[in-house]
Amino acid sequence: QVQVVESGGGLVQAGGSQRLSCTASGRTLQVYAMAWFRQAPGKEREFVASIRWPGGSTVYADSVKGRFTISRSRAGNTVHLQLNGLRPEDTATYYCGVQRSGWGSSEGYKFWGQGTQVTVSS
């Protein structure tokens, strides 16, 4: 099985920055893609950004494009999310998802971490 652990959340003032990290592990894990999602109280979970392992291509939600940057470290199956120009509406629990290669790719983002809280004050 796969274990996913996020870190780096905290309280930050509007206009500030935060850097989140996520590491996936498993005895036979081969990552196809990793992504960040977020969920605010009373709202549905929404896609934030993703990165593909084979070529490193990235996709961003329109709401964060130009402010957030996703990157990967293939050794250790680690992904980072740099959050710049934070706004109060970015306040949410941020979750890391993992999509496996091979047959597991059909599962989508099947494995998730516990989430890390980002709170942006006015």
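The values are calculated or read from the model by the stated rules, or taken from the named source; none is laboratory data. This structure is a prediction, so every number in the text was calculated from the model and none was measured. We place every Cβ from the backbone using ideal geometry, glycine too, and count neighbours over all the protein chains shown. Just the protein is used for accessible areas: all its heavy atoms, side chains included, with ligands, DNA and RNA removed. Shrake-Rupley method; radii C 1.70, N 1.55, O 1.52, S 1.80 Å.
Roughly how compact is the chain, stated as its Cα Rg over 2.2 N^0.38 Å to two decimals?
Numbers: Rg = 13.9 Å, N = 122, 2.2 N^0.38 = 13.7 Å.
Rg over 2.2 N^0.38 Å, computed on Cα atoms: 1.02.
Sum up the charges of everything whose Cβ sits under 13 Å from the Cβ of residue 33, counting Lys and Arg as +1 and Asp and Glu as -1, but leave residue 33 out.
Details: positive: 52, 72, 74, 100, 110; negative: 107.
Overall, the nearby charge balance is +4.
Quick one: give the max-minus-min coordinate of the C-alpha atoms of the range 67-122 along each principal axis, largest first, in Å.
45, 20, 16
What is the chain's relative contact order, in percent, from Cα pairs under 8 angstrom and six or more apart in sequence?
Numbers: 300 pairs, mean separation 43.7, N = 122.
Relative contact order for the chain comes out at 36 percent.
Give me the compactness ratio for the range 1-63, meaning the Cα radius of gyration over 2.2 N^0.38 Å.
Details: Rg = 13.9 Å, N = 63, 2.2 N^0.38 = 10.6 Å.
Taking the Cα Rg and dividing by 2.2 N^0.38 Å, one obtains 1.31.
What does the accessible area per residue of the range 10-104 come to in Å², with a 1.4 Å probe and no ligands, DNA or RNA counted?
Details: 4930 Å² over 95 residues.
Roughly 52 Å² per residue, with all protein chains present.
Say the dipole of the range 72-122 comes from +1 at the beta carbon of Lys and Arg and -1 at that of Asp and Glu; which of 115, 92, 73 then lies farthest toward its positive end?
73
Rounded to the nearest 20 Debye, what is the dipole magnitude of the chain about its Cα centre when Lys and Arg each give +1 and Asp and Glu each give -1 at the C-beta? Don't skip to the answer; put the middle values down first.
Numbers: 13 positive and 7 negative charges, 63 e Å.
Rounded to the nearest 20 debye, it is 300 debye.
Just to check I understand the Karplus step: with θ = phi - 60° and J = 6.51 cos²θ - 1.76 cosθ + 1.60, what whole-Hz values come out for the range 101-115, glycine and proline as x?
6, x, 4, x, 4, 6, 7, x, 7, 8, 10, 9, x, 7, x
Hey, any idea what % of the chain's accessible area is carbon plus sulfur with a 1.4 Å probe?
On the way: 3020 of 6570 Å².
Answer for the chain is 46 percent, counting heavy atoms of protein chains only.
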